Amino acid sequence: MQSTLDTFCTLTIATVMAGLSITAFSRIDAGNPTKGWASGTYQRGFENRFEQSIPAQEGSVALWAAAKWALFGETAAGAVAGREGWLFTAEEFTEPSETRDLATELSRVVEALSENGTALVPVIVPDKARMRSDRLPRGRSEGFDTRYQRALEAIEDTGLPVIDLRPALSFEKSFMRTDTHWSPEGARRAAEAVADVVEGFELPHTDVQTVATGSVGFDGDLLSFVATGPFRSIVGPAPESIDTFETIVEASAGLFDDAAIPIALVGTSYSAKPEFHFAGFLKQAARADVLNASYVGQGPFAPMDTFLKDRATLSTLPSLVVWEIPERFLTSRSLLP
């Protein structure tokens, strides 16, 4: 049935494109004796008219994407369509192209930070596909099923605090429907789980206030794989909104003093993107200021490499480093011989 629908959709769009091509050709001035096939002017005229006749190439791409989404619930390569309009990154269904052994990295970072008396708290963010498996079109392999638990065991074996975020993110709206990342509420609950562990380090507290500032429309990063364009209002994906927040930390230093920030947050877009406000929620939950040293699009290991390299430039070093690591950047296989 799907093959028949796919063929029908392909033929329909091909017919539309052919009609636009004929229209474009008919508008070329074939009666002008100064123009002809030999000079190539017909070809250039055809190309120009064709481009002008199509509601832009983006329109045809959007039409094709809309047809695939409406008829088959299919996305472009890079995303996986789930139930009820949910989207998942394909990275959560495949092994990472580049990764490092978690236990080895934890030991390396602990050794480097201990030179300055700084402690490490690793935080593994479970896959969206794990926490919203009820929206998946299919299950994942056993290796992916056990990956998160084995990551926690690696942390425990290294002697570091273990934070299991699965209970905190087990509610329905823990992740955004059209985005790879957690929702602000998911980020808030995750920050509270981290703060419960941070409290044991007896860091200095300060006054922190987080206030809700409203909500705005939100286009998730996975919508680029369902580029339905002007047809989105007809076929979807449905629009989404996100709550917004602001966090204010009371200044803790004098006019000419450097404020000592007790916590550094090193991680990925889960921490770096302001839409999810994880750093702000962590400040609120820990009642302490946080230096956000996270980056978008670099994975979890490169930001830590950068932090370790650049920490000498900080006027005061943090007492604690929270390292946020998305599960999907870890392999489900052993990297050790």
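For a protection proxy built on the mean count of beta-carbon atoms within 10 angstrom, sort 263-273, 224-234 highest first, please.
Top of the packing list down: 263-273, 224-234.
Give the cross-link partners of residue 128 among the lysines, using a straight C-alpha distance below 29 Å as the criterion and excluding same-chain residues fewer than 8 apart.
Of all the lysines, those that pass the test against residue 128 - Cα under 29 Å, at least 8 places apart if same chain - are 68, 173, 273, 283.
Sorted by average packing, counted as other Cβ atoms within 10 angstrom per residue and highest first, what order do 83-90, 298-305 take?
Going from most to least packed, we get 298-305, 83-90.
Which trypsin sites (Lys or Arg not before Pro) from segment 119-208 combine a DSSP loop assignment with at most 11 other Cβ atoms within 10 Å?
Working: sites: 128, 130, 132, 135, 138, 140, 147, 150, 173, 177, 188, 189; in loops: 132, 138, 140, 173, 177.
Listed in order of number, the matching sites are 138.
Identify the chymotrypsin sites (Phe, Trp or Tyr not before Pro) of segment 100-200 meeting these criteria: DSSP loop state and at most 15 other C-beta atoms within 10 Å of the C-beta.
When the chymotrypsin sites (Phe, Trp or Tyr not before Pro) of segment 100-200 are filtered for loop state and at most 15 Cβ neighbours within 10 Å, 171 remain.
Just how far, in whole angstrom, is segment 283-324 from segment 56-117 if you go by their alpha carbon centroids?
23
Run the simple label-point estimate for residue 215 and residue 134 please: 7 Å along Cα→C-beta, distance reported in nm.
Once both label points are built, they end up 1.9 nm from each other.
Show me the GluC sites (Glu not before Pro) within segment 221-322 that DSSP assigns to loop and that have at most 15 other Cβ atoms within 10 Å of their Cβ.
Passing both the DSSP loop test and the Cβ count: 250.
Where a number appears in this text, it was derived from the coordinates with a stated rule and is not lab data. Keep in mind it's a predicted model, so treat the numbers as computed, not measured. Cβ: placed from backbone, ideal geometry, glycine included. Neighbour counts: every protein chain shown.
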